[in-house]
1. With each pseudo-label sitting 7 Å past Cα toward Cβ, what's the residue A:96-residue A:6 distance in nm, one decimal?
2. What's the extension gain from residue A:64 to residue A:166 if we count 0.36 nm per residue and subtract their Cα-Cα distance?
3. Sort B:49, A:187 so the one with the fewest other Cβ atoms within 10 Å of its own Cβ comes first.
4. Return the FRET efficiency for the residue pair residue A:141, residue B:109: r is the Cβ-Cβ distance, R0 is 45 Å, and the value is rounded to the nearest 0.05.
5. How compact and how long is the protein assembly as shown, expressed as Rg and Dmax of its alpha-carbon atoms in Å?
6. Rounded to the nearest 10 degrees, what's the angle between the helix B:5-33 long axis and the longest principal axis of chain B, both from Cα atoms, 0 to 90?
7. What's the exposure ranking of A:72, B:55, A:38, going from fewest to most Cβ atoms within 10 Å?
8. As I understand it, the value is the acute angle between the Cα axis of helix A:127-154 and the longest principal axis of the Cα atoms of chain A; what does it come to in degrees, rounded to 10?
């Protein structure tokens, strides 16, 4: 059975189902992270004292990680543009970079976590560290999810390009929307946790 | 993103500019955090820069500026409304003093009419 509107836009919504589905999912993600940002504001406003992020966190490391995630967002959009131009080899290269850059992000994050644990800066240490661990770990899980999906579209999933290129483009676009969202969350997490 | 090769190449040129703007934005965010200003102003500056960077990602990388679907606009509009409600929730919570025990400013003043009676 052919699933309708995976490529063509539905007349009523003006979107194909892939795009509508991923945007609805991202809307739910906005509320998920929004709840945590709201908790952060409540905890910070209600606290008698609140440490500067730099007292616990390493700003240069956070800045490098921000640059890495932004770079991965750029390679993701370039991968999609390469598909639009019909250049599959370039797509593979950009997509590989999109997979490897967040792996580097996670390695740096793991080092940061190791430093925190070795200094006994665990979530139980303070409210600041509790919300720091919660938000960065949830974001990290999203990174892992993105790596898994993007790896699939770089590897076995990319075979679809040779049989159903339009459908494959849509899948990569949906994966890209998710990936840019993960980058967008970090753009807010970085100043809120590290710099303020 | 529209389909013609010429359009895609224009988009690629835009992506490179946006990448540069995001890199500059990140550096500015970090430098601004070292400014010796009140914490409320520091928070405002950091969030303004983050909002600009986020808008660039949403508009150009996620192609939100090109979307014309009313359904998508409705979905994202509702999301924005509920997100704002979530952000204001802590402010409403902390400004709500109903039911909180309150000491009046003259609570420790001597009760004059009782002193006069004796």
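1. 2.8 nm
2. 33.2 nm
3. Sorted ascending by nearby Cβ count, the order is B:49, A:187.
4. Step by step, r from the Cβ atoms, then E = 0.15.
5. 24.1, 103
6. In chain B, helix B:5-33 runs at an angle near 30 degrees to the longest axis.
7. Neighbour counts put them in this order, fewest first: B:55, A:38, A:72.
8. Tilt relative to chain A: about 20 degrees.
Values in this text are rule-based calculations from the coordinates and carry no lab data. Computed from a predicted model, the values in this text were never measured in an experiment. Here Cβ is always computed from backbone atoms with ideal geometry, including for glycine, and neighbour counts include all displayed protein chains.
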